[in-house]
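*Asks:* There's a structure below that I have some questions on.
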Amino acid sequence: MFFRIDERDARFVLFEHIKVQELLKLPAFRDHAQETLEMVVAEAARFAREVVQPLNVIGDREGAKFENGKVRFPKAYHEAYRAYCEGGWIASGTSPEWGGQGLPAPLAITSVEFFIGACPAFVVNPMLAHSAAHVLESFASQELKQVYCPKMYAGEWAGTMCLTEPQAGSALGDLKTQAQRAGDHYLLTGTKIFITSGEHDLVKQICHLVLARVEGAPAGIKGVSLFLVPKYLVQKDGSLGERNDVRCLGIEEKMGLHGSATCTMGFGEDGHCVGYLIGKENEGIKLMFQMMNEARIYVGLQGLGIASAAYELALDYAKQRVQGTDAAAFKDPGAPRVPIIRHPDVRRMLTTMKALVEGLRALIVRAGAYSDLAEHGPEEDRAKYQGFLELLTPVCKAYGSEAGFRICDMAMLTLGGYGYIREYGVEQYMRDVKIASIYEGTNGIQAIDLIARKVPAKGGLVFMQFLQEVNTFIDRHKSHPRLGHLFPHLEQARDTIARITMKFGELNMSGDLYYPLLHATPYLHSFGEFILGWLLLEQAVVADEKLQAMGGNVSSGNRPSFLKQNPEGRFYDAKIKTAEFFVTTLLPEVHARAAAVDASSRAALDIVFEGE
Ligand SMILES: Cc1cc2nc3c(=O)[nH]c(=O)nc-3n(C[C@H](O)[C@H](O)[C@H](O)COP(=O)(O)OP(=O)(O)OC[C@H]3O[C@@H](n4cnc5c(N)ncnc54)[C@H](O)[C@@H]3O)c2cc1C
């Protein structure tokens, strides 16, 4: 099966655009050298290609199997999982204090992008172990941390997040799982559904992070607490003891990610499910948000990783598939047949996919850099970067997953009928990527989070600071001798988004909550496109500098021969063309969505659906 990782673009984003090496000046990362980071990228790509990717079709065809309360993953997963753990990939971004490598977040993000593209259903297991361990590291008692974190970060023990119940999906405040105080622990009873990796045979111990309600807790989300529920109780010497009263009751059949187990979990069916409180009672959602926010970035990365694999496949196919003649020779039946990459409509799809993939990669890596700066950066800047990270989280999740699906759809169209059948693997990409727009808070919920919480945060200060960041870039480069003509597109998109944001604020002030919510999802798409426009133009500026230094003035007459002889020149030249395509051809959709807001139609709110 064809599989290609765009290592060149990943290195461009890390080292030429976002400049992750600048983070190495921070005390937290001082022990690393740029060469180490470059080796990590190369090794992650090799590992993804050689160890993880062969699992993709096996996971899809064999799937996870449920028998007698146990879940079995395909045999091939086991050896790969051991290699994943031994390679230290689970904790590559974790502090050495806990056995991690302490790499900057953008490095961990890039590696995981490769692994997801190789086999998303497999990679979710180590990712969950990492995020669950991180919650314990941040909020659990010293005693629990010492017992659980090292084993989870090493991949010896797995982790889950148990939030969803049949009546409590988006509305987590409606969850009913109960926790009763019982001395130094609690006894839990309830049922959770759709729990990823709730049970499996990769490891013996699974550590469930469970949201439940302590008896007498206030109603709603403010009465939710967080518990650690291990599959096996841990003895004083750290070894596994008695089986806890938590069981997998079944797994779901689903559209994609067949190689991942989506479990129904019963807690306390026999009345003795032991759970340990993490943090304080009724503060569970605040703590769980750390895991949810990390998972949201991860889900955006899932959109990117799968979409990148789909795009690379489509690109390779388009260069090889011969069909039809050049458009200019359509009347000549004897004209030579050409590869489909020569057809303008196919070029539109390929360039759209390329722009979205590269823009998303830049967005998520930049979010990773913000998270490092928020945690380890200069004290006085930390709040600003934390704000940026929070603002971008719903965009990474929802725009990343939505664009991921769109890219897979276009990849399928590029392959025509061969995309729809199984042989090439695009249909699996499309099935696997779809869930990213649903879990970790549906994309609709992300859009509400953006307009109702993130944009108005601190009286709009974070949003304004973020726009200021973009303005600084625009002001510095809008008279650029070769790229200046592209900047008005970004400025116009910025003005439109700022205007619609103000309008939503005014409507909210006037008591009209419904109209902004009606347009929340299109707003998030526009905001995502604006950010991608900014990042792709930043990349174009870098690429232009490199081209100039190489003597390859893109507008001069020697462009074709220069590009023919120079692969690096082709890379940078394509960067500039990608940015031009995005800001001139895709970014204007921002204005169409604004026109829809300006139309002030309340039809969707007023329409009466039969039987509503
Ligand atoms: C394969 C898979 C894996 C999963 N893994 C996990 C896991 O590991 N742990 C876990 O806890 N959960 C997991 N989930 C559950 C997942 O997070 C939920 O399915 C998701 O949050 C949506 O909840 P729901 O399915 O109940 O949909 P609902 O909440 O019923 O939503 C249905 C629709 O209504 C919309 N909607 C709902 N409320 C509002 C509102 N207030 N305003 C606007 N629109 C609204 C939603 O956006 C959506 O479009 C998984 C689900 C799947 C399918």
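Please treat every number below as a calculation from the coordinates, not as lab data. If you're wondering where the values come from, they're calculated on a predicted model, not measured in any experiment. Note that we place each Cβ from the backbone using ideal geometry, even for glycine, and neighbour counts take in every protein chain shown.
*Asks:* Residue by residue through the stretch 216-224, what is 3J(HN,Hα) from phi via Karplus (6.51 cos²θ - 1.76 cosθ + 1.60, θ = phi - 60°)? Round to whole Hz and write x for glycine and proline.
*Replies:* Result, ordered by residue: x, 5, x, 5, x, 5, 6, x, 9 Hz.
*Asks:* Now for a separate question. Using amide H atoms built in the peptide plane, which far-off residues or other-chain residues are under 5 Å from residue 324 H to H?
*Replies:* Under 5 Å from the amide H of residue 324 lie the amide H atoms of 338, each far enough along the sequence or on another chain.
*Asks:* Would you please classify the overall shape of the stretch 321-381 from the alpha carbon gyration tensor, given that a ≥ b ≥ c denote the square roots of the eigenvalues, rounded means a/c under 1.5, and beyond that prolate means a/b larger than b/c while oblate covers the rest?
*Replies:* prolate
*Asks:* Also, quick follow-up: Take 254, 204 and order them by how many other Cβ atoms sit within 10 Å, fewest up front.
*Replies:* So the residues, fewest neighbours to most, are 204, 254.
*Asks:* Still on this structure: Under 5 Å between amide H atoms, partner at least 5 residues away or on a different chain: which partners does residue 260 have, H built in plane at 1.01 Å?
*Replies:* 64
*Asks:* Follow-up. Please report, to two decimal places, log10 I(q)/I(0) for the stretch 433-504 at q = 0.22 Å⁻¹ as given by the Debye formula with identical point scatterers on the Cα atoms and no solvent.
*Replies:* -0.96
*Asks:* As an exercise, identify the trypsin sites (Lys or Arg not before Pro) in the stretch 319-352 lying in DSSP coil whose Cβ has no more than 12 other Cβ atoms within 10 Å.
*Replies:* In loop regions of the stretch 319-352 (DSSP not H, G, I, E or B), the sparsely surrounded trypsin sites (Lys or Arg not before Pro) are 331.
*Asks:* Can you find, among 474, 371, 487, the residue sitting farthest towards the positive end of the charge dipole of the stretch 343-489, where Lys and Arg contribute +1 and Asp and Glu -1 at Cβ?
*Replies:* The Cα lying farthest towards the positive end belongs to 487.
*Asks:* P(r) of the stretch 321-463 in 5 Å steps, Cα pairs, percent per bin?
*Replies:* P(r) over the stretch 321-463, rounded to whole percents: 2, 9, 13, 14, 15, 12, 10, 8, 6, 5, 4, 2, 1, 0, 0.
*Asks:* How far apart, in nm, are the 7 Å Cα→Cβ label points at residue 509 and residue 289?
*Replies:* 2.5 nm
*Asks:* Got a sec? Which residues in the stretch 474-508 would a label at residue 550 touch, if it sits 7 Å along Cα→Cβ and we count backbone N under 20 Å?
*Replies:* Residues 481-484 fall inside that zone.
*Asks:* Something else now. Using the Cα gyration tensor of the stretch 69-153, with a ≥ b ≥ c the square roots of its eigenvalues, what is the shape: rounded (a/c below 1.5), prolate (a/b larger than b/c) or oblate (neither)?
*Replies:* Oblate, since a/c reaches 1.5 and b/c is not below a/b.
*Asks:* Just the projected area, averaged over all directions, of the convex hull on the alpha carbon atoms of the stretch 108-149: how many nm²?
*Replies:* 3.1 nm²
*Asks:* Follow-up question, since we're still on this one. Counting only C-alpha contacts under 8 Å and six or more residues apart, can you give the relative contact order of the chain as a whole percent?
*Replies:* It rounds to 12 percent for the chain.
*Asks:* Follow-up. Using DSSP to call loops (not H, G, I, E or B), can you name the chymotrypsin sites (Phe, Trp or Tyr not before Pro) in the stretch 198-276 whose Cβ has at most 10 other Cβ atoms within 10 angstrom?
*Replies:* none
*Asks:* Name the long-range amide H neighbours of residue 101: under 5 Å, sequence gap of 5 or more, or other chain; modelled H, no Pro or chain starts.
*Replies:* 92, 93, 94
*Asks:* Percent of Cα-Cα pairs per 10 Å bin, from 0 to the last occupied bin, for the stretch 297-344, please list those.
*Replies:* 26, 32, 21, 14, 7, 1
*Asks:* Give the average over all directions of the projected area of the C-alpha convex hull of the chain, one decimal, in nm².
*Replies:* Dividing the Cα hull surface by four gives the mean projection, 31.1 nm².
*Asks:* Follow-up question, since we're still on this one. Which net charge results when you count Lys and Arg as +1 and Asp and Glu as -1 among the other residues whose beta-carbon is under 15 Å from that of residue 499?
*Replies:* That sum, taken over residues with Cβ under 15 Å, equals -1.
*Asks:* Could you state the angle between the C-alpha long axis of helix 75-86 and the longest principal axis of the C-alpha atoms of the chain, as a value from 0 to 90 degrees rounded to the nearest 10?
*Replies:* 90 degrees
*Asks:* Considering only 437, 421, 451, whose Cα is most displaced toward the positive end of the charge dipole of the stretch 405-454, charges sitting on Cβ of Lys, Arg (+1) and Asp, Glu (-1)?
*Replies:* Positive-end residue among those listed: 451.
*Asks:* Listing 6, 326, 245 from the residue with the fewest other Cβ atoms within 10 Å to the one with the most, what is the order?
*Replies:* With the sparsest Cβ surroundings first, the list reads 326, 245, 6.
*Asks:* Taking the Cα centre of the stretch 164-242 as origin, work out the dipole magnitude from +1 charges on Lys and Arg Cβ and -1 charges on Asp and Glu Cβ, in debye rounded to 20.
*Replies:* Dipole about the Cα centre, nearest 20: 160 debye.
*Asks:* Given only helices, namely DSSP H runs of n ≥ 4 each adding -39500 (n - 2.57), what is the per-residue ellipticity at 222 nm of the chain, to the nearest 500 deg cm²/dmol?
*Replies:* The helix-only estimate for the chain comes to -17000 deg cm²/dmol at 222 nm.
*Asks:* Now for a different question. Taking θ as phi - 60°, what are the ³J(HN,Hα) couplings along the stretch 121-134 by the Karplus curve (6.51, -1.76, 1.60), each to the nearest whole Hz, with x for Gly and Pro?
*Replies:* Using θ = phi - 60°, the values come out as 5, 6, 5, 4, 5, x, 5, 5, 4, 5, 5, 5, 4, 5 Hz.
*Asks:* Over the stretch 1-118, what is the relative contact order in percent, taking alpha-carbon pairs closer than 8 angstrom and at least six residues apart?
*Replies:* 31 percent
*Asks:* Going by how many other beta carbons lie within 10 Å of each one, how would you line up 550, 291, fewest first?
*Replies:* 550, 291
*Asks:* Another question, then. If you project the alpha carbons of the stretch 249-334 onto the principal axes, what extent comes out on each, in Å, largest first?
*Replies:* 79, 29, 17
*Asks:* Something else: Enumerate the whole-percent occupancy of each 5 Å bin, from 0 to the last occupied one, for all C-alpha pair distances of the stretch 204-294.
*Replies:* Here the calculated profile for the stretch 204-294 is 3, 12, 17, 19, 20, 17, 9, 3, 0.
*Asks:* Once you've got the Cα coordinates, tell me which of 65/434; 145/286; 192/454; 478/564 are over 25 Å apart.
*Replies:* Long pairs (Cα-Cα over 25 Å): 192/454; 478/564.
*Asks:* With a ≥ b ≥ c the root eigenvalues of the C-alpha gyration tensor of the stretch 96-199, is it rounded (a/c under 1.5), prolate (a/b larger than b/c) or oblate?
*Replies:* Oblate, because a/c is 1.5 or more while a/b does not exceed b/c.
*Asks:* Go through the stretch 27-36 residue by residue and turn each phi into a ³J(HN,Hα) via Karplus (6.51, -1.76, 1.60, θ = phi - 60°); whole Hz please, and just put x for glycine and proline.
*Replies:* These are the phi-based 3J(HN,Hα) values: x, 5, 10, 4, 6, 9, 10, 4, 4, 4 Hz.
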